[in-house]
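Chemist: Starting off with a structure, shown below.
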Amino acid sequence: MIVESALMNPISRRLPSAAEPSISALGVSRRFGSREALSDVSLVVGPGEIHAVLGPNGAGKTTLIRVLGGLTTPHEGTVTVLGEDVASGTRFLRGRVGLVPSGDRSFYLRLSGLENLLFFARLHGMRKRLARERALAALAAVRLEDVPKQPVGHYSHGMQKRLSVARALLTDPAVLLVDEATHDLDPLAARTVRELVLELGRRGTATLWATQRVEEIRGFADRVTLLREGEVAFTGSVAALADEVPARTHLLRIGGNGNGNGTPGARIAAIRQALGELAAVDESVHRPDEVVLRLANGAVLGTALARIAGAGVDVISCRDERPEIEEAFIHLTGRS
């Protein structure tokens, strides 16, 4: 996906050792007036790791990104990136940290996408030839190579978001801070951005990926931190986050097999009797031949299905009513 000749030859990349985290935030707090945007937030991101930060609006995701990028100073706590204290504001970090903000208004709308990238590449100290190589490669990486001379003011919002990603790639960053990169992107463009991040991760780049799109982190993020009103509600693997769901919900389409359970009502009664406390069963509001199955904590879906079959009821289909990660997000953030 990324053009090897330009983007994959680092200018002066310094990656931390395997034992040294790329990002370390310990006990970070940040207040705006009387409102505490972050309260005692800690997380560690290792080289090559993609660490997702989930949370609803106002949870503190953007503030955390700004603190890690040195744009906002925390009131308490310490932050180090690539072994350097962010508070010191050293020039060492400027070319090694790529930032994709959620609302980017820093582009010059009358200039083309290529001219904007050339401008920022030159700010990083690149010579003209290298700046042009990097800019063209970055445009190609985010699939904007067909509009390099089009003014950014004519770009759609999604195209401007992709241009923000391209700018973050210019210096082949060792750390990538991404805030809602795929919020307004179509599925293909969103997948392109995630593939870029995965490729960078394989090369050792650490990524902090802030998002509300809980469905995109499965199979993408290595670890996840969930923020709720500025506090850490969960941190761990994506699989562990799914395990936080208190009860799992499935939608079953059922039919009889000739054992006397001819009507939907009779089948539901037979299912309830067979399952007992293993699961709660409700009628579906959509179809008479569907039931909503809510497994109790520790219950196994296969065991429930076997009991249903033993009661003389066929299960024609079974699917999650809602993804488990979404259930965990709602449960841990207190949203209904």
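Chemist: Would you work out which of Gly83, Gly236, Leu43 lies farthest towards the positive end of the dipole of region 4-242, given +1 charges on the beta-carbon of Lys and Arg and -1 on that of Asp and Glu, about the Cα centre?
Modeler: Gly83
Chemist: Give the order of Ser39, Ser106 when sorted by the count of other beta carbons within 10 angstrom, beginning with the fewest.
Modeler: Least crowded to most crowded, the residues run Ser106, Ser39.
Chemist: For volume of the Cα convex hull per residue in Å³, the listed values are (1) 136; (2) 127; (3) 165; which was obtained by calculation from the structure presented?
Modeler: The listed entry that was calculated here is (3).
Chemist: Which FRET efficiency, nearest 0.05, do Arg110 and His286 yield, Cβ-Cβ r, R0 45 Å?
Modeler: 0.30
Chemist: Follow-up question, since we're still on this one. Need one number for region 248-322: average projected area of the convex hull over its C-alpha atoms, nm².
Modeler: Mean shadow area of the hull around the Cα atoms is 4.3 nm².
Chemist: What list do you get for Leu198, Leu170 if you sort them by fewest beta carbons within 10 Å? The partial results should precede the final answer.
Modeler: Numbers: Leu198 14, Leu170 24.
Lowest count first: Leu198, Leu170.
Chemist: Quick check on the exposure proxy: order Leu278, Leu196 from fewest to most C-beta atoms within 10 angstrom. Mind dumping the intermediate values first?
Modeler: Working: Leu278 16, Leu196 22.
Fewest-to-most ranking of Leu278, Leu196: Leu278, Leu196.
Chemist: Below 19 Å, Cα to Cα, which lysines can Lys149 reach? Residues fewer than 8 away in the same chain don't count.
Modeler: Once the sequence-local lysines are set aside, what remains near Lys149 is Lys128, Lys161.
Chemist: Please give the net charge around Arg191, taking every other residue with its beta carbon less than 13 angstrom from that of Arg191, where Lys and Arg add +1 and Asp and Glu add -1. Intermediate values should be presented prior to the final figure.
Modeler: Numbers: positive: Arg143, Arg162, Arg194, Arg213; negative: Asp186, Glu195, Glu199, Glu215, Glu216.
Here the count lands on -1.
Chemist: Give or take rounding to whole Å, what are the principal axis extents of the alpha carbon atoms in region 179-289, in descending order?
Modeler: Cα extents, longest axis first: 61, 32, 26 Å.
Values quoted throughout were computed directly from the atomic coordinates according to the rules given, and no laboratory measurement underlies them. No experiment lies behind these values; they were computed from the predicted model shown. Please note: Cβ atoms are built from the backbone with ideal geometry, for glycine as well, and neighbour counts cover all protein chains shown.
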